[in-house]
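Undergrad: I am attaching a structure below and will ask some questions about it afterwards.
The values are calculated or read from the model by the stated rules, or taken from the named source; none is laboratory data. As the structure is a computational prediction, the values presented were derived from the model and not from experiment. Quick reminder, even Gly has a Cβ in these numbers, built from the backbone with ideal geometry, and neighbours come from all protein chains shown. Each accessible area value is taken on the protein alone, full model and side chains, heavy atoms only, with ligands, DNA and RNA left out. Shrake-Rupley method; radii C 1.70, N 1.55, O 1.52, S 1.80 Å.
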Amino acid sequence: LTVRAARLLRRADVIVYDALVNPVIVARARASATRIAVGKRAGEPGMAQTRINRLLITWSRQARVVVRLKGGDPFVFGRGGEEALALAHAGVRFRIVPGVTAALGAAAYAGIPLTQRELSSRVIIETGHASNESTPGSSCGETRVYYMPVAQLPEIVRRLLAQGVAASTPAALVESATQPQQRTLSAPLQQLPDVVRAAQVQGPALMIVGDVVRLREHTNWFEPRRSRTARRRPNSCDPMPRP
Ligand SMILES: C[S@@+](CC[C@H](N)C(=O)[O-])C[C@H]1O[C@@H](n2cnc3c(N)ncnc32)[C@H](O)[C@@H]1O
C-alpha cells in the first residue's frame with residue numbers, strides 16, 4: 001500500500017472494495033466509513049462490472065471521498081481502466097493511485113528476481129484465461145508471469161511447450177503470495193501441472209516461468225523464515241514474522 005493510498009483511505013466516506021483486498025487494509029478506514037464489498041472469488045459470482053460502475057458514479061455524486069479499493073494495482077488485470085473510463089464519461093473527477101501488483105509481491109516474497117543480468121532482460125505479464133493466446137517466445141532471456149493460471153495450467157504449459165519453450169525451464173506457482181500462508185511450488189515447466197494438482201491449491205496464485213526461478217534456491221527468504229518463527233513461537237496468535 002502506498003502512503004498516498006493509506007492517507008486517502010483515512011479520508012474516505014465510502015469504500016468499494018474487492019475480495020482479494022486484505023481485510024487489514026480495509027480496517028484502516030474510519031469506523032464511520034460505508035464499506036461496500038463488490039469482488040468475486042474464483043467460481044463465485046460477484047457484482048457485474050456495469051453495476052459496479054454505476055455504483056461508483058452514484059456514490060461519487062453523494063459522498064465527498066469515495067475510494068475504490070482493489071487488490072494489487074488497479075491497471076493490472078484489475079479492470080481499473082474500465083471503471084476510470086466510466087467515471088470520465090460520467091464527468092466524475094478521480095485520481096488513480098498505483099499499488100503493488102501480485103507479480104511484484106510474489107516475486108519478492110518467493111525470492112525470484114524477475115530480471116537478472118545474463119538471465120532475463122524482459123518480463124511478460126499475461127493472464128491464464130483460456131481466451132488468451134500466449135505471446136510467442138522462447139523463454140530464453142525472459143521471464144513470464146501468468147495471473148489466474150490454476151484452472152488453465154495444463155493448457156498454458158502445453159502451449160508454451162508447443163512454442164518451443166524447453167520442458168526443463170524452471171517454473172514456480174506462488175500461492176497466497178506475501179501472506180503468512182504463502183506456498184511456492186516449483187518444478188520444471190512440464191511437471192508443474194502435476195505438482196500443482198497434487199498440492200490442491202486453494203488461494204490466489206500466479207505462475208512464474210524462466211531461468212530466474214532457479215535463483216530461488218539461494219534467495220528464498222520468506223517461507224523458511226516463517227517456518228522458523230512458527231517453530232520458535234508455537235503458541236503465538238500472530239503468524240506474521242516480525243521484521
Ligand atoms: C483479477 S486479478 C487482479 C490482479 C491485481 N489487480 C494485481 O495487480 O495484483 C487476480 C489474480 O491476481 C493474482 N493474485 C492476486 N493476489 C495474489 C496473491 N496474494 N498471491 C498470488 N497471486 C495473486 C492471482 O493470479 C489472481 O487470480
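Undergrad: Testing Gly128 on (1) within 15 Å of the ligand (Cβ to nearest atom); (2) of a type in the set (Gly, Ala, Ser); (3) touching a helix residue (DSSP H, G or I) at 6+ places or on another chain (Cβ under 6 Å); (4) free of Cβ contacts under 8 Å to residues at least 24 places away in the same chain, one condition comes back false. Which one is that?
TA: (4)
Undergrad: Considering (1) part of a loop (DSSP other than H, G, I, E, B); (2) open to solvent by 30 Å² or more (accessible area, probe 1.4 Å); (3) within 16 Å of the ligand (Cβ to nearest atom), say which one Ser168 fails and leave the rest.
TA: Ser168 satisfies every listed condition except (3).
Undergrad: Regarding segment 184-192, can at least one residue be identified that is in contact with a Ser or Thr (Cβ under 9 Å, 6 or more places away or on another chain), surrounded by fewer than 18 Cβ atoms within 10 Å (Cβ to Cβ) and within 27 Å of Lys70 (Cβ to Cβ)? Please lay out each step first, then the result.
TA: The initial filter retains those residues of segment 184-192 that are in contact with a Ser or Thr (Cβ under 9 Å, 6 or more places away or on another chain), namely 188-190, 192.
Subsequent filtering for residues that are surrounded by fewer than 18 Cβ atoms within 10 Å (Cβ to Cβ) retains 188, 190.
Next, from what is left, pick out any that are within 27 Å of Lys70 (Cβ to Cβ): none.
No; the residues of segment 184-192 include none that is in contact with a Ser or Thr (Cβ under 9 Å, 6 or more places away or on another chain), surrounded by fewer than 18 Cβ atoms within 10 Å (Cβ to Cβ) and within 27 Å of Lys70 (Cβ to Cβ).
Undergrad: Would you confirm, using the coordinates I've provided, whether Pro149 is within 13 Å of the ligand (Cβ to nearest atom), under 19 Å from Ala107 (Cβ atoms), at pLDDT below 95 and buried (at least 21 other Cβ atoms within 10 Å of the Cβ)? Full working, then the answer.
TA: Details: within 13 Å of the ligand (Cβ to nearest atom): yes; under 19 Å from Ala107 (Cβ atoms): yes; at pLDDT below 95: yes; buried (at least 21 other Cβ atoms within 10 Å of the Cβ): yes.
When the stated conditions are applied, Pro149 passes them.
Undergrad: Next question. Taking segment 171-183 as the search range and keeping residues that are within 14 Å of the ligand (Cβ to nearest atom) and of a type in the set (A, V, I, L, M, F, W, C), which one is most open to solvent (accessible area, probe 1.4 Å)? Talk me through it step by step, then tell me what you get.
TA: Of segment 171-183, the ones within 14 Å of the ligand (Cβ to nearest atom) are 172-183.
Among the residues that remain, those that are also of a type in the set (A, V, I, L, M, F, W, C) are: 172-174, 177.
Numbers: Ala172: 0, Leu173: 0, Val174: 2, Ala177: 28 Å².
The extreme case among them is Ala177.
Undergrad: Take the residues in segment 6-32 that are among the small types (Gly, Ala, Ser) and touching a Lys or Arg at 6+ places or on another chain (Cβ under 9 Å); name whichever of them is farthest from Arg54 (Cα to Cα).
TA: Going through segment 6-32, the residues among the small types (Gly, Ala, Ser) turn out to be 6, 12, 19, 27, 29, 31-32.
Then drop every residue that is not touching a Lys or Arg at 6+ places or on another chain (Cβ under 9 Å), which leaves 6, 12, 19, 29.
Values: Ala6: 25, Ala12: 18, Ala19: 19, Ala29: 23 Å.
Among those residues, the one meeting the criterion is Ala6.
Undergrad: Out of the helices (runs of 4 or more DSSP H) lying entirely within segment 173-232, which hold 3 or more residues that are at pLDDT 95 or above?
TA: Details: elements: 192-199, 216-219, 222-232.
Qualifying helices (runs of 4 or more DSSP H): 192-199, 216-219.
Undergrad: Given the residues Arg144, Arg159, which is the only one that is without any contact (Cβ under 8 Å) to a residue 60 or more places away in the chain and of a type in the set (Lys, Arg)?
TA: Working: Arg144 fails: without any contact (Cβ under 8 Å) to a residue 60 or more places away in the chain.
Exactly one of Arg144, Arg159 is without any contact (Cβ under 8 Å) to a residue 60 or more places away in the chain and of a type in the set (Lys, Arg), namely Arg159.
A quick yes/no check of all residues on (1) in contact with a His (Cβ under 7 Å, 6 or more places away or on another chain); (2) farther than 30 Å from Ser186 by Cα; (3) more than 15 Å from the ligand (Cβ to nearest atom); (4) at pLDDT below 95:
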residue: Lys40; (1), (2), (3), (4): no, no, no, yes
residue: Leu69; (1), (2), (3), (4): no, yes, no, no
residue: Glu83; (1), (2), (3), (4): no, yes, no, no
residue: Ala86; (1), (2), (3), (4): no, yes, yes, no
residue: Gly91; (1), (2), (3), (4): no, yes, yes, no
residue: Val97; (1), (2), (3), (4): no, yes, no, no
residue: Ala102; (1), (2), (3), (4): no, no, no, no
residue: Tyr109; (1), (2), (3), (4): no, no, no, no
residue: Leu114; (1), (2), (3), (4): no, no, no, no
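Undergrad: Take the residues in segment 1-25 that are within 16 Å of the ligand (Cβ to nearest atom) and touching a helix residue (DSSP H, G or I) at 6+ places or on another chain (Cβ under 8 Å); name whichever of them is modelled with the lowest pLDDT.
TA: Pass one, segment 1-25, residues within 16 Å of the ligand (Cβ to nearest atom): 1-2, 5, 16-25.
Those left that are additionally touching a helix residue (DSSP H, G or I) at 6+ places or on another chain (Cβ under 8 Å): 1, 16-17, 25.
Numbers: Leu1: 88, Val16: 96, Tyr17: 95, Ile25: 94.
The qualifying residue modelled with the lowest pLDDT is Leu1.
Undergrad: If a residue must be within 15 Å of the chain's Cα centre (by Cα) and without any contact (Cβ under 8 Å) to a residue 40 or more places away in the chain, how many such residues does segment 79-99 contain?
TA: From segment 79-99, those within 15 Å of the chain's Cα centre (by Cα) are 79-80, 98-99; that's our starting set.
Keeping just the survivors that are without any contact (Cβ under 8 Å) to a residue 40 or more places away in the chain gives 79-80.
Of the residues in that region, 2 qualify.
Undergrad: All but one of (1) more than 22 Å from the chain's Cα centre (by Cα); (2) modelled with pLDDT of 95 or more hold for Ile156; which doesn't?
TA: Result: Ile156 passes all but (1).
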